[in-house]
1. Would you call residue B:86 closer than 27 Å to residue A:200 by Cβ, without any contact (Cβ under 8 Å) to a residue 24 or more places away in the chain and of a type in the set (Ser, Thr, Tyr)?
2. Mind checking which residues of the stretch B:158-167 are surrounded by fewer than 19 Cβ atoms within 10 Å (Cβ to Cβ) and facing another protein chain (nearest Cβ under 9 Å)?
3. Assess whether residue A:138 counts as being in contact (Cβ under 8 Å) with a residue 12 or more places away in the chain and within 16 Å of the chain's Cα centre (by Cα).
4. Checking the conditions here, which among B:78, B:102 is surrounded by 21 or more Cβ atoms within 10 Å (Cβ to Cβ), of a type in the set (Lys, Arg) and closer than 23 Å to residue B:196 by Cβ?
5. Just one of A:118, A:53, A:141 is within 14 Å of another protein chain (Cβ to nearest Cβ), among the acidic types (Asp, Glu) and over 14 Å from residue A:28 (Cβ atoms); which is it?
6. Could you figure out which of (1) out of contact with any Leu (no Cβ under 9 Å at 6 or more places or on another chain); (2) more than 10 Å from chain B (Cβ to nearest Cβ) isn't true of residue A:73?
7. So, in the stretch B:1-58, how many residues would count as being part of a helix (DSSP H, G or I) and either over 30 Å from residue B:185 (Cα atoms) or β-branched (Val, Ile, Thr) (or both)?
8. Residue A:84 is checked against (1) of a type in the set (A, V, I, L, M); (2) out of contact with any Leu (no Cβ under 7 Å at 6 or more places or on another chain); (3) closer than 19 Å to residue B:63 by Cβ and fails just one. What number does that condition carry?
Protein chains: 2
Amino acid sequence: MRTRFHEGLNQLKDKLLSMGGMAEAAVEQAICAYRERAPGLCQKVIANEALIDIAEREIDSRALDLLAMQQPMARDLRLILAIIKSNADLERIGDQAVNMARRVVGLIELPPAELPTDIPQMAVIVCEMLRHSLEAFVTGDAALAQRVIERDEHVDRLNQEVFELVERTMETSPELTRQALRTLIIARTLGRIADHATNIAEDAIFWIRGTDVRRNFEIAV
Amino acid sequence: MRTRFHEGLNQLKDKLLSMGGMAEAAVEQAICAYRERAPGLCQKVIANEALIDIAEREIDSRALDLLAMQQPMARDLRLILAIIKSNADLERIGDQAVNMARRVVGLIELPPAELPTDIPQMAVIVCEMLRHSLEAFVTGDAALAQRVIERDEHVDRLNQEVFELVERTMETSPELTRQALRTLIIARTLGRIADHATNIAEDAIFWIRGTDVRRNFEIAV
């Protein structure tokens, strides 16, 4: 019985990783569409959202089955809960990739404008945060998860820089308002994705250490 | 044993409601600060975030205790999971109220600008969504939760209207760019809060009906 349970748990972890790969691909495609002004790629991101939703459903359903199957040990219980929460965050990352793709569609309908923001570089950091938060799940590496959490502040700073730059651009070159505004929204969407990656890293630490890192709180299970 | 378990479950529901009240109060205070240009109220929202975090910790800890205590029945298991997820959403609503309060601080440092956006009206809708999503939890009213989900589209439309209005304002009156941009961010924060209320409503329906409304998927527990 225990063996079947742990087999199921390992499969659940694999499913979460594969869903993480789908969410990351969606973000990368949306950013590639931004960089290369490729509307076809945006449509691909929008169409693929349904696949991410199916994966979320399957993970939730398997997690519930495991919880209902038998009374898990404290550590396994924490892992299942962490997976259920991270699963919701991954699905929302998929939603944000779609939001980003829609904004990119609007942006590339406008004449190109050279704004000195580095959205692709910001996306590199955000995608790495996402990848590392999931890697922390597989390897049980709390230190790696901790580094993801610390990087969120960096993304917040980059977002604030984009805000200030967009503001200056619109004041001095109002004719670029439309492009600047859409660039701002795209940067903020990346910020939301970084928030979700941070949530996943927090959930990973909660599982690994049994500690609620969000505020260094020990949960006695 | 079952009785003690159900007592614990009822207490958990009460705690979630009381946390919901705190999150709603934070949003209302941030909006009141916006309407009345009251920086002191913004500081109150920022200071109260810690209390919401403490409430979240307590709910998570009690939910885990209940799951570890005994093997819950399918319906109770779904309720505990729905509470764990909604708890995370409420905490994030608290974070968004703080973000909003910070933006309001920035906005009221600038000269007042009459923008034809109706942020307070948008806030009324969003707070009602939040209140109804939690009411659906207490009363087991899936139809009420469904109406919350449907209202999210309305908030999205209002947000799009604010976006277009802000865009026009900045193009025609670049001297109002700073105020318009901060108003846009405040409206988008309300949009994020509406998203969280929608998540809570979806979790309530999942508990009540055993149906994953997010995409009409039956989970067999």
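1. no
2. B:163, B:167
3. Judged against the criteria, residue A:138 is not a match.
4. B:78
5. Exactly one residue qualifies, and that residue is A:53.
6. Checking residue A:73 against (1) out of contact with any Leu (no Cβ under 9 Å at 6 or more places or on another chain); (2) more than 10 Å from chain B (Cβ to nearest Cβ), the one that fails is (2).
7. 21
8. Residue A:84 satisfies all of (1) of a type in the set (A, V, I, L, M); (2) out of contact with any Leu (no Cβ under 7 Å at 6 or more places or on another chain); (3) closer than 19 Å to residue B:63 by Cβ except (2).
The values are calculated or read from the model by the stated rules, or taken from the named source; none is laboratory data. Computed from a predicted model, the values in this text were never measured in an experiment. Note: ideal-geometry Cβ built from the backbone for every residue, glycine included; neighbour counts use all protein chains shown.
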